[in-house]
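Working notes, beginning with the structure itself.
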Amino acid sequence: MANNNRDEAIKLLNKYLEAFVSGNEDVWLQIADLCLKDNKCQQAAYCIEYIILTVPRNINFVTLILYNTLMKIQWLVNFVENLLIYVRTMLELYTAFYIQINILII
């Protein structure tokens with residue numbers, strides 16, 4: 001499914017949620033899945049958190065799966081943030097090294 005189609009599907013599912021407020025865990029899961037396919041991890045995490053908060057407090061297999069999915073999404077988000085920090089640091093080091101080399105050559 002192309003990004004445009006996924007975005008349109010998310011919009012339609014959101015309209016559905018506006019009309020039918022309660023008992024829509026499956027719709028929230030569908031939105032989370034579409035968001036993950038578009039690398040919208042924070043939006044997907046929001047959907048999973050919403051389901052966890054609206055599901056009764058008894059711990060069952062589905063709840064454990066939801067927590068596991070949320071954990072993976074949060075790890076991915078933090079991984080990307082840490083990767084960006086690492087890349088930024090490496091660029092700064094390479095820039096400093098390049099400047100030192102040019103100063104030594106001149």
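Within segment 14-32, the set of residues being more than 13 Å from Gln43 (Cα to Cα), hydrophobic (A, V, I, L, M, F, W, C) and open to solvent by less than 30 Å² (accessible area, probe 1.4 Å) comprises Leu17, Val27. Go through segment 41-89 and give me each residue that's among the charged types (D, E, K, R) and either within 16 Å of the chain's Cα centre (by Cα) or at pLDDT below 75 (or both). Of everything in segment 41-89, those that are among the charged types (D, E, K, R) and either within 16 Å of the chain's Cα centre (by Cα) or at pLDDT below 75 (or both) turn out to be Glu49, Arg57, Lys72, Glu81. Suppose the filter is farther than 18 Å from Ile31 by Cα, at pLDDT below 75 and out of contact with any Phe, Trp or Tyr (no Cβ under 6 Å at 6 or more places or on another chain); does Ile99 pass it? In short, no. Taking segment 68-79, which residues are in contact with a helix residue (DSSP H, G or I) (Cβ under 8 Å, 6 or more places away or on another chain) and surrounded by fewer than 12 Cβ atoms within 10 Å (Cβ to Cβ)? Correct list: empty.
For segment 18-27, taking the residues that are closer than 15 Å to Ile48 by Cβ and in a helix (DSSP H, G or I), the one that is modelled with the highest pLDDT is identified as Val27.
The values are calculated or read from the model by the stated rules, or taken from the named source; none is laboratory data. If you're wondering where the values come from, they're calculated on a predicted model, not measured in any experiment. Every residue, glycine among them, receives a Cβ derived from its backbone with ideal geometry; neighbour counts consider all protein chains shown. Only protein heavy atoms, including side chains, enter the accessible area calculation; ligands, DNA and RNA are left aside. Shrake-Rupley method; radii C 1.70, N 1.55, O 1.52, S 1.80 Å.
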